[in-house]
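The numbers here are math on the coordinates, done by the rules we state, and not lab data. For clarity, every value in this text was computed on a predicted model and none was experimentally measured. Neighbour counts run over all protein chains shown; Cβ positions are idealised from the backbone, glycine included.
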Amino acid sequence: MCVDMGVSRTRPLFEDAFDELFELAFKLAVRVVGTPAVAEDVAAETMVRTLLHWKRVGDRPWRTAWVVRVATNVALDANRRSWRPSVDSGQGLVTADDTVVLREALVAALRQLPLRQRQAIAMRYLADQSDKDIAGAMGVRPVTVRTHLRRGLAALRVSLGPTWEERLHA
């Protein structure tokens, strides 16, 4: 016989948050890796890591931002593993279409940024997180997030050229 001792469940269940967090990780991963199949793998890996850390992050206000940060790191790792240089076929350089080339250049430039700048840019521009959410995930103040964003974008402009943002949205 089960007796209710008046204990209420205050910690959210992983199963209750799974769909929302998986969707978020998947959308971010598609933006980084470009293919739904790889993005699904990235989202699944992110959710495994989230489950492993659920006791620590499950009831925190920055839980979503934490998942975004993990998804970003896993997606960048997936890109790093799958990157292949262009091949000279004897008839000129064989290249992918411009979108793939731009994505690879962006990922390479992101890897060159300091960790905090890379995290802030990925959370803001790939996962649409607010300064407050990013600050919670990174353990800093929102003003520090804005500094990381400003410095990171400036470094990307130097690395990729002043028109890279226009080409990305074209």
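Annotations for the structure displayed:
- Cα gyration tensor category, rounded, prolate or oblate, for the range 14-66 with a/c compared to 1.5: prolate
- Close amide H partners of Gly34, meaning residues 5 or more places away or on another chain with modelled amide H under 5 Å apart, do not exist here.
- Using θ = phi - 60° in the Karplus curve 6.51 cos²θ - 1.76 cosθ + 1.60, the 3J(HN,Hα) couplings for the range 136-149 round to x, 5, 8, x, 10, 7, x, 5, 5, 4, 4, 5, 4, 5 Hz; x is entered for Gly and Pro.
- Arg150-Asp16 pseudo-label distance in nm [points 7 Å out on the Cα-to-Cβ vector]: 4.0 nm
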